[in-house]
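Derivation of every value follows stated rules applied to the coordinates shown; laboratory data play no part. Please read these numbers as outputs of a predicted model, since none were measured by experiment. In this analysis, Cβ positions are derived from the backbone assuming ideal geometry, glycine residues included, and neighbour counts consider all displayed protein chains.
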Amino acid sequence: MSETNTKKVTGTKVGVVTSSKRDKTRTVAVEFQKVHAKYGKRLRRQAKFQVHDESNDSNEGDRVEIAQCRPLSKTKSWRLVKVLERAPEAVSHSDEAPAAD
């Protein structure tokens, strides 16, 4: 019987990186829907997590998958599993020549 080395990571969440200013730490916003107890209306909510990114691989706007881990600091107990989708690069308008009148 051969075992494969594919661990299934449980308890993962998918969110968007909102801040990448700190070294090896990212702030990730995870959106979810909650149903109002009385009225039954779906409400959009957001939770922010401090995520450990060892290789500083992610940037602002990237969609990432995060998983819970042991506490690494006072606020950081999540780690980056993988970057699912890169943010589109900002278009630089400084390359264009100024319009001549």
| message | Modelling each spin label as a point 7 Å along the Cα-to-Cβ direction, I'd like the Asp23/Lys48 distance in nm, to one decimal. | response | 2.3 nm
| field | Net charge, Cys69 excluded, C-beta distance under 11 Å - Lys, Arg +1, Asp, Glu -1 | value | +3
| note | The FRET efficiency for Val30 and Glu89, from their Cβ-Cβ distance with R0 = 30 Å and rounded to 0.05, is 0.80
| note | Mean Cβ-within-10 Å packing, highest first, puts peptides 23-34, 58-69 in the order 58-69, 23-34
| remark: Burial-style ranking of 49-55, 35-41, average other-beta-carbon count within 10 Å with highest first, yields 49-55, 35-41
| Nearest-0.05 FRET efficiency for Asp57 and Ala37, computed from C-beta distance (R0 41 Å) | 0.55
